[in-house]
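The values are calculated or read from the model by the stated rules, or taken from the named source; none is laboratory data. These numbers were taken from a predicted model, which means no experiment stands behind them. FYI the Cβ positions are ideal-geometry reconstructions off the backbone, even for glycines, and counts take in every protein chain you see. Only protein heavy atoms, including side chains, enter the accessible area calculation; ligands, DNA and RNA are left aside. Shrake-Rupley method; radii C 1.70, N 1.55, O 1.52, S 1.80 Å.
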2 protein chains.
Amino acid sequence: MPRPRPAVPSATTCHQAVGPVRHGPGAEAAFAPAAVEVRGGFWDTRREVNARTSIPQGPGLLESAGNLRNLRLAAGTDDGEFQGAYPFVDSDVYKWLEAASWQLAQAPDDALAAEVERIVSLVAGAQQPDGYLNTWFQLLKGGERYRDLRWGHELYCAGHLIQAAVAHHRATGRTELLDVAVRFADQIDSVFGLPGSGKPLDGVDGHPEVETALVELYRETGERRYLDLAGYFVDRFGHGLLGGEAYCQDRVPLREAADVEGHAVRQLYLLAAAADLATETGEAGLRTAAERLWAAMTTTKTHITGGLGAHHDEEDFGDPYELPNERAYCETCAAIASVQWSWRMALLTGGARYSDLIERTLYNGFLAGVSLDGEHWLYVNPLQVRDGHTDTGGDQSARRTRWFRCACCPPNVMRLLASLEHYLASTDTGGLQIHQYVTGRYGDDRFAVRCETDYPWHGTIALTVEEAPADGPRTLSLRIPQWCREYRVRCGETTYDQSDAPVSDGWLRLARTWAPGDRIVLELALEPRLTAADPRVDAVRGCVAIERGPLVYCLEGVDHPGGGLDDMVLDTTRPLAVKHRPDLLGGVTTVVAAGHRRHIADAGWWPYRTASATADVPPADEPLELTAIPYYAWANRQDGSMRVWLPTS
Amino acid sequence: MPRPRPAVPSATTCHQAVGPVRHGPGAEAAFAPAAVEVRGGFWDTRREVNARTSIPQGPGLLESAGNLRNLRLAAGTDDGEFQGAYPFVDSDVYKWLEAASWQLAQAPDDALAAEVERIVSLVAGAQQPDGYLNTWFQLLKGGERYRDLRWGHELYCAGHLIQAAVAHHRATGRTELLDVAVRFADQIDSVFGLPGSGKPLDGVDGHPEVETALVELYRETGERRYLDLAGYFVDRFGHGLLGGEAYCQDRVPLREAADVEGHAVRQLYLLAAAADLATETGEAGLRTAAERLWAAMTTTKTHITGGLGAHHDEEDFGDPYELPNERAYCETCAAIASVQWSWRMALLTGGARYSDLIERTLYNGFLAGVSLDGEHWLYVNPLQVRDGHTDTGGDQSARRTRWFRCACCPPNVMRLLASLEHYLASTDTGGLQIHQYVTGRYGDDRFAVRCETDYPWHGTIALTVEEAPADGPRTLSLRIPQWCREYRVRCGETTYDQSDAPVSDGWLRLARTWAPGDRIVLELALEPRLTAADPRVDAVRGCVAIERGPLVYCLEGVDHPGGGLDDMVLDTTRPLAVKHRPDLLGGVTTVVAAGHRRHIADAGWWPYRTASATADVPPADEPLELTAIPYYAWANRQDGSMRVWLPTS
């Protein structure tokens, strides 16, 4: 029989992916996620595809991949054999449930709601009487619970179950899945603890994930035990319980770590939990470590797309400044984990830089992970595909794939898109902070603004105050993106620019006593630009990237005569032109640049030559117009070559 | 009981690693390996270390890693459990036996001979009555022979056993191991064949290796069945018997392949067999394919060190021009396999370019695989180790290791060093071709020359005819290395240079009626040079490498104040200086270059900037003398950074 579920405090009836944030002693900031409704524009289109195609296709794909049958097998209601290559296949179901729940919070959908309840009941049916649930172990490893924590992913799956349950409860008010999650969390809490705690096992899961989930379960239920358990897990990484490997975040305790390392997604989920814990407990040590590691990551280990993880091998962060192009791993899940961590850092600190990285990641490294049609996916997100690329297929293909053997990314994309509005704005007692610009409504019934914009295609962001508190001034904070060098803001009759409305820590802060109907128009200059990297990024020496606003651009072979890109050179002395192409890739603004095809002398059988012999041949022979498209839209037409970084000579 | 061994024809009593070469109809060339004695100089020193340290330590390492006990377990003469992580652990023993056999052919050594016979008897004891032998399958997979050809490595191990047996027989005249090999080869021949052949199984091994071995067994025994079996195996790759994966060379038949692909060592061993078969059968199609694939590999997929294999993931060749530095895989075994393949191409065609690549590989990508002390190894051979590199340890470490879990490379190095003299010269009816320059004696009792040289440190190669046929002219062919732009040759009283003694297809051909005492002095200009890559090699854009003669150079952090290399820039306008350092790394010639440390402005948290903002700061602030050492000698002092390719601005 289910244990009684802790009473859910009324304060937690929010619909946010990251719940209401409590603040323990010592927490400096007091930012909470603000409500946002997305009502049109760029992201609304992507979310429509998510709602109409990606999410509805989920149950069919999970059925044919065996995930749902595994649940029925565990429940004893179906016949057959376990299907799936990994012990974490249940988590695909949970991520889909989370995505579908957030989707239901946006728009009623009886068919989807029925699917959700059907699958919730499959999950509930598979749960063991004491709360444990993992079909791989139940069906294939009878009785061997928690014996292979390094690779077993049991707590990882529990984490995704808990996050799905929190979403389901927040979105629908229903408690069936939350009951399952609470029972599982209690089972875990009865097993794991420090030596001397009376709990039988001192251990952590090789793949962090349960930690953020337990903090969310604490927020949702008010049950302090879950927060403590999350803290225990975070503390126990880095003490050799998993053999001391960096891969599973066990080489060094987080508070002592100098750099991000190991498997990128594992590192990022763990750091998201650290930020959650620092927020809830106010612990300065954890906050300092998280800030230090975030800076180390962005300074030396982040691709221009926001992509993270340099190595295919072990899916890990490489060395500082090791940021390859064709072998960039940049797992789609790592981009999602980065958004989740950065958002928690933004709430913890109020720092705009965290949302700068979120913006860059959302528009580039994350969004490339799903096709424009919403049914083809990339697991890895390279920054280059060479002419003559030989693709081995499989999960790590540079070609879009219908589904993966390791299908972690697609439902992860679905849940982030379905909950995207939760990552766009925050509030504190002084006002409202707009982190990302979308058409829609920001805020609540005390202080709210309407936003209209064609961002990222146009830089005009028109804000109208809809609700304003009469009791005094509030600060409306607008994030001026890190890439933006020129902006103007018109507030009522007055226009400011960067000289008289300076940005402080990334924020343009407008403090007024606002009244409904007040208008603010922010203009961000969106000139296309050429971007170079720190010279220690060896992979892009002598190259530039084209960017415009938050978008990183790339060339695709299909847009260029002959289809080859590897002999192409960009002429940096000629101006870039902007051309909006409503016909192309669902409507994109392209950037047109001047370049040429390099004449490469026949090298014979050996491609290395005395340096003076390889001086460039004058480039006049084959001038070429280069057409750059937004990186997120690549690989939507045909297989072929692609480059983000373009040689300049 | 052992089957009677085929009689060994007297013609095969040579001591070469690649045996006497027969020529079927249509074979154009008639080159055979020539006898060479190495009597001093660069390679003699390296071989001394191999003989004194590496080879003698082999049995102890194979004992502690479990390989020898596995043989005793299979023989029923020891207790315990199978030890080793891979089904190919037996091959480590066979490669060591091959190395030790070649070593015995050079110098009598009673202790080593006794060790060899002890281990040969362990191998013989482990063989099953019908000839099958693989301890992994015998001990762990009772009865499951040849069921997992993709990964089982049973024929791969058989190949190394056969090659060891051929070496043992050629070197010692003893037949114990050859008997074992013949029984196993006959067992394999009774199992594998085309459908309709009456053999039960149509298949190939996922890791080519048995094919070259069977050709050698044919050469050693005269038994044509082994040549036919090798041909059958080579033909059956690329037909989906292994699932069609490029990884195991099963995507496309060799004769139709346009490029090298998949796992590098697998590809190279298969191509060595193709060259052997083309030599023995004269089949033009196989020769054409091998020539085409060799050119594709050297033109677009070979590192400047001769290293092969761009990807850690699946240990495979990447795309054309995908030649990363820090993630160069360049497995030591791939360098060895490349030498083996190229040598067979040289014998098949007489082409000097094959020995150009052999020279480059031997002095760089291969020799870096073993430490100067002969007891520390590299499995992968990167061209860069960054400042702050985090090494995960394990087999793919960028730090030298005492032994590996997958210990394929160390005994492979031992066998190549112990048989190195077999790869240095060839003969045909017209004369003698010197492919590599070492101090020693080339040729036989009809036509022989003595060579004295300090190559590669000095470019003077002094040759004295010791034996000459009186019956007319012979051609002494000297390979002029591909890197060499200036040379002089003095022959008797006359001196020629590149203007009047032109190189034809890489060879300087001296046709004379020679007499004992005739002197030829070849002078190769050894000015240090800066080398640049084809512009499609993205990884080294804006960089040059320092080379001198056949040696590729690198910088190591330990030679530079502060130990960091990542901010270092080479000044290409200043001359390179040469400094011989007898005290350093066993005595090396260093190259000293002018450079500076780049001043890099603090990038804040984001390392990408508008291109104009990253223009170089004038370099005057921190000039620095750069000391380059030969690449083969890196990682012999302390862990730290290393670079082959040096930024120039």
| message | Distances in nm, one decimal, shortest first, from A:A511 to the same residue in every other copy, taking the label point 7 angstrom along Cα→Cβ. | response | 9.7
| message | What aspartates and glutamates does A:K141 reach when the alpha-carbon gap must be under 14 Å and sequence neighbours fewer than 8 apart in one chain are set aside? | response | A:E81, A:E154
| remark: Quarter of the surface of the C-alpha convex hull for region B:28-136, i.e. direction-averaged projected area in nm², equals 10.1 nm²
| task | Determine the residues within region A:348-391 where the difference in accessible area between the chain on its own and the full set of protein chains amounts to at least 50 Å²; count protein heavy atoms only and use a 1.4 Å probe. | result | A:R386
| request: Work out from phi, with θ = phi - 60° and the Karplus expression 6.51 cos²θ - 1.76 cosθ + 1.60, the ³J(HN,Hα) of each residue of region B:400-414, listed in order in whole Hz, and give x for Gly and Pro. | output: 5, 10, 6, 6, 10, 4, 9, 8, 5, 6, x, x, 5, 4, 4
| field | Inter-copy separations for A:Q638, label at 7 Å along Cα-Cβ, nm, ascending | value | 5.7
| Which single residue of chain B puts its beta carbon nearest to the axis of rotation relating B to A, and what distance, in whole Å, does that give? | B:G542, 2
| message | Relative contact order for region A:530-647: what percent, with Cα pairs under 8 Å and sequence separation of 6 or more? | response | 37 percent
| message | Rolling a 1.4 Å sphere over the protein heavy atoms, what is the accessible area per residue of region B:242-289, to the nearest Å²? | response | 25 Å²
| field | Dmax and Rg, reported as Rg then Dmax, of region A:544-649 (C-alpha, Å) | value | 15.1, 49
| Amide H of B:E466: which non-local residues (sequence gap of 5 or more, or other chain) have their own amide H closer than 5 Å, using H built in the peptide plane? | B:A448, B:V449, B:R450, B:G517
| message | Using C-alpha positions alone, give me the convex hull volume of the protein assembly as shown per residue in cubic angstrom. | response | 188 Å³
| task | Between the label point of A:T429 and that of the same position in each other copy, find the distances and list them shortest first in nm, with every label point placed 7 Å from Cα along the Cα-to-C-beta direction. | result | 10.3
| said: Please give the charge dipole size of the protein assembly as shown, origin at the Cα centre, charges +1 on K and R Cβ atoms and -1 on D and E Cβ atoms. Round to the nearest 20 debye. | reply: 420 debye
| remark: Calc'd 3J(HN,Hα), region A:550-561, phi into Karplus 6.51 cos²θ - 1.76 cosθ + 1.60 (θ = phi - 60°), Hz, glycine/Pro = x, comes to x, 8, 8, 9, 8, 9, 10, x, 4, 8, 10, x
| query | Among A:Y329, A:A633, A:F137, whose Cα lies farthest out toward the positive end of the dipole of chain A, if unit charges sit on the beta carbon of Lys, Arg (+1) and Asp, Glu (-1)? | reply | A:A633
| Residues of region B:68-138: accessible area per residue at 1.4 Å, in Å²? | 35 Å²
| Centroid-to-centroid separation of region B:538-586 and region A:398-477 [C-alpha atoms, Å] | 52 Å
| task | Let me know the charge dipole size of region B:425-524 about its Cα centre in debye, to the nearest 20, where only the beta-carbon of Lys, Arg (+1) and Asp, Glu (-1) is charged. | result | 100 debye
| request: Could you work out how far apart the two model spin labels at A:E467 and B:E467 are, taking each label as a point 7 Å from the Cα in the direction of the beta carbon, and quote it in nm? | output: 10.3 nm
| said: With the crude spin-label approximation of a point 7 Å out along Cα→Cβ, what separation in nm comes out for A:A284 versus A:S190? | reply: 4.1 nm
| query | How large is Rg over Rh for chain B, taking Rg from the Cα atoms and Rh as the Kirkwood inverse mean of 1/r across Cα pairs? | reply | 0.97
| said: With +1 assigned to the C-beta of every Lys and Arg and -1 to the C-beta of every Asp and Glu, and no other charges, what is the dipole magnitude of region B:267-392 about the Cα centre in debye, to the nearest 20? | reply: 480 debye
| Residue by residue, what Karplus-based ³J(HN,Hα) values in Hz, rounded to whole numbers, does region B:85-101 have, using 6.51, -1.76 and 1.60 with θ = phi - 60° and x for Gly and Pro? | 9, 9, x, 10, 5, 4, 5, 4, 5, 5, 5, 5, 4, 5, 4, 5, 5
| task | Report the calculated FRET efficiency for B:S499 and B:T573 (r = Cβ-Cβ distance, R0 = 30 Å), to the nearest 0.05. | result | 0.55
| remark: So the A/B interface buries, both sides summed and with a 1.4 Å probe, an accessible area in Å² (nearest 100) of 5300 Å²
| field | Residues whose placed amide H lies under 5 Å from that of A:T590, excluding near-sequence neighbours | value | A:K579, A:H580, A:R581
| Considering only B:H169, B:A257, B:T401, whose Cα is most displaced toward the positive end of the charge dipole of chain B, charges sitting on Cβ of Lys, Arg (+1) and Asp, Glu (-1)? | B:H169
| request: Keeping the other protein chains in place, figure out the carbon and sulfur percent of the accessible area of the protein assembly as shown, with a 1.4 Å probe. | output: 49 percent
| said: A 31 angstrom limit on the alpha carbon distance is what I want to check against. Which of A:K301/B:K301; B:K199/B:K301; B:K95/B:K199 exceed it? | reply: B:K199/B:K301
| message | Which chymotrypsin sites (Phe, Trp or Tyr not before Pro) in region A:109-214 sit in a loop by DSSP (not H, G, I, E or B) and have at most 16 other Cβ atoms within 10 Å of their own Cβ? | response | A:W151
